[in-house]
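For reference, the structure is listed below as C-alpha cells.
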Amino acid sequence: MLDKLAVIFPVNNNTDMQFYQNTWLRNYLYPVCDWPGPGCKIVCHRLSTYRSLHKKTKCFARAIKRFEDKELFIKLDDDALVDIDYVIGLIKKYQGYHKPVYISDHQRAGSRKYPDALNGVRYGNGKFYMFNRKLVQCLDLDIKYRGSRNEDSVFGGMVSNGCGENNVEYVQEDDRWIWHKEYTNKNKHIDLSFIKNH
C-alpha cells in the first residue's frame, strides 16, 4: 500500500536527513534539493532561500508530474512528523478516489501588495499536505504571480488555477497525528525545530 506513496521533502544544507532516515518515512522520502547530492531525488539546480521557496515548490510540482507509479503524495516540512497509521488510513480512504483530493489545514491567501492570481486562493498549511495523482495531473505549472510569495500559497494557486477549486475535494487534516516543531506524546518530548546555526 505504501509503495504508491511519495513524501516530498524540501531540504537545505542544514536538514538532518539522518533523523528522517530513522523514521517510518525512510523508504518513501523524495528529498527536494538545490543541487545534486546523496539521497537527493528531486534536484532544482538553484540555490533556495526562505524568500525563494516558491520556486522550489514549482520545481517539485514539475518533477512529480513524471512520477506515474505514485498515486498519493505528502509534502512535509523538515520540522514536522506524521503518524504512519494516520497516513495508512488516508491512503485506504483516498486511493483511487474519483476526483482531486487535497488534505491539509487550509487557509486563504491575500496580498494587498500583489493583487494577482494568488489573491484569495485556498491553500494548505506547509507543515503537511497530502494529495492524489488526479490533483497532480491538473496542476497549473505555468501560474503567473508577482513578487516573492508564500510557497504553499503558490501550490494552492496551481491547484485552483489548474483543477478549479469547485472540482477539488478539500479535506481537513487531523492535527492529533501531525507534529510541527515539537513532538510530545506520553513520556517523549522532542524539539523538531531548526537550530539557528546556518
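The values are calculated or read from the model by the stated rules, or taken from the named source; none is laboratory data. Note that this is a predicted model, so its numbers are computed, not measured. FYI the Cβ positions are ideal-geometry reconstructions off the backbone, even for glycines, and counts take in every protein chain you see. Heads up: the accessible areas ignore ligands, DNA and RNA and are worked out on the full protein's heavy atoms, side chains in. Shrake-Rupley method; radii C 1.70, N 1.55, O 1.52, S 1.80 Å.
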- Query: Could you give every pair whose Cβ atoms fall below 8 Å, whose first residue belongs to region 95-107 and is under 14 Å from L72 (Cβ atoms), and whose second residue is assigned to a loop (DSSP other than H, G, I, E, B) and open to solvent by 20 Å² or more (accessible area, probe 1.4 Å), counting only separations of at least 6 or pairs across chains?
  - Reply: Q95/M1; Q95/E71; G96/E71; S104/N125
- Note on the structure: Taking region 120-178 and keeping only residues that are under 15 Å from Y94 (Cα atoms), of a type in the set (K, R) and open to solvent by less than 40 Å² (accessible area, probe 1.4 Å), one is left with R133
- Can you work out which of the residues in region 17-61 that are without any contact (Cβ under 8 Å) to a residue 60 or more places away in the chain and among the hydroxyl-bearing types (S, T, Y) is least open to solvent (accessible area, probe 1.4 Å)? Y20
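Tally time: how many residues in region 1-16 are open to solvent by 10 Å² or more (accessible area, probe 1.4 Å) and under 22 Å from L53 (Cα atoms)?
Going residue by residue through region 1-16, those that are open to solvent by 10 Å² or more (accessible area, probe 1.4 Å) are 1-4, 10-16.
Applying the additional criterion that residues be under 22 Å from L53 (Cα atoms) yields 10-16.
Summing the residues that are open to solvent by 10 Å² or more (accessible area, probe 1.4 Å) and under 22 Å from L53 (Cα atoms) in region 1-16 gives 7.
In region 104-126, is there at least one residue being β-branched (V, I, T), under 13 Å from the mean Cα position of the chain (by Cα) and not in a helix (DSSP H, G or I)?
We begin by selecting, within region 104-126, every residue β-branched (V, I, T); these are 121.
Checking which are under 13 Å from the mean Cα position of the chain (by Cα) leaves us with none.
No.
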- Task: Would you please list the contacts, defined by Cβ atoms under 7 Å and residues six or more apart or on different chains, that run from a residue in region 166-188 that is in a helix (DSSP H, G or I) to a residue that is among the hydroxyl-bearing types (S, T, Y)?
- Result: W177/Y86
